[in-house]
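The values are calculated or read from the model by the stated rules, or taken from the named source; none is laboratory data. From a predicted model like this one, the values you see are computed outputs, not experimental measurements. All Cβ positions, even for glycine, are placed from backbone atoms using ideal geometry, and neighbour counts span all protein chains on display.
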């Protein structure tokens, strides 16, 4: 099994685990933190698939900007006493040890790959994951779905304005 395949499986298991953890949390802040971790796992999956641009956008847009807004909304809504909901348990310490072990294994695999030279990307990786290639594919092969999504987002914005205007009039 190659290093890329092993990394893919590690990130896939991490993405599945953090998604399950996110939907099973009773408190909003731990669920948001699990979602941020999930976004980082998805970014790692994009990297194993040689999509460097999508990996960077995943971190910048979703893990960065959108999750900051989600955390601000959670803070503004004040969804209950987080201090009362959080209890120290043995499960938490076990999960921390498992996460530290996985991160240690990833660091070890990274250092091993750097020494052996297996961390080099194939020559076509720079073309496939580039902005120009993504734009070419998006505006030639996927032009209709791209325009359909833009119309759907426009309809959502118009709907949000209409709903907010109704609330202001009431």
Where residues in segment 1-29 are under 18 Å from residue 73 (Cβ atoms) and buried (at least 17 other Cβ atoms within 10 Å of the Cβ), which of them is modelled with the lowest pLDDT?
28
Can you confirm whether segment 45-64 contains a residue that is at pLDDT below 85, in a helix (DSSP H, G or I), loosely packed, with under 15 Cβ neighbours inside 10 Å and within 15 Å of the chain's Cα centre (by Cα)?
yes
Only one of (1) surrounded by 11 or more Cβ atoms within 10 Å (Cβ to Cβ); (2) modelled with pLDDT under 70; (3) not assigned by TED's automatic domain parsing to the domain that holds residue 8 fails for residue 169. Which number is that?
(1)
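In this structure, does residue 96 turn out to be at pLDDT 75 or above and surrounded by 12 or more Cβ atoms within 10 Å (Cβ to Cβ)? Outline the logic, then answer.
On the way: at pLDDT 75 or above: yes; surrounded by 12 or more Cβ atoms within 10 Å (Cβ to Cβ): no.
So residue 96 fails the test.
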Within segment 65-80, identify whether any single residue is surrounded by 15 or more Cβ atoms within 10 Å (Cβ to Cβ) and either within 25 Å of residue 105 (Cβ to Cβ) or without any contact (Cβ under 8 Å) to a residue 24 or more places away in the chain (or both), and answer yes or no.
no
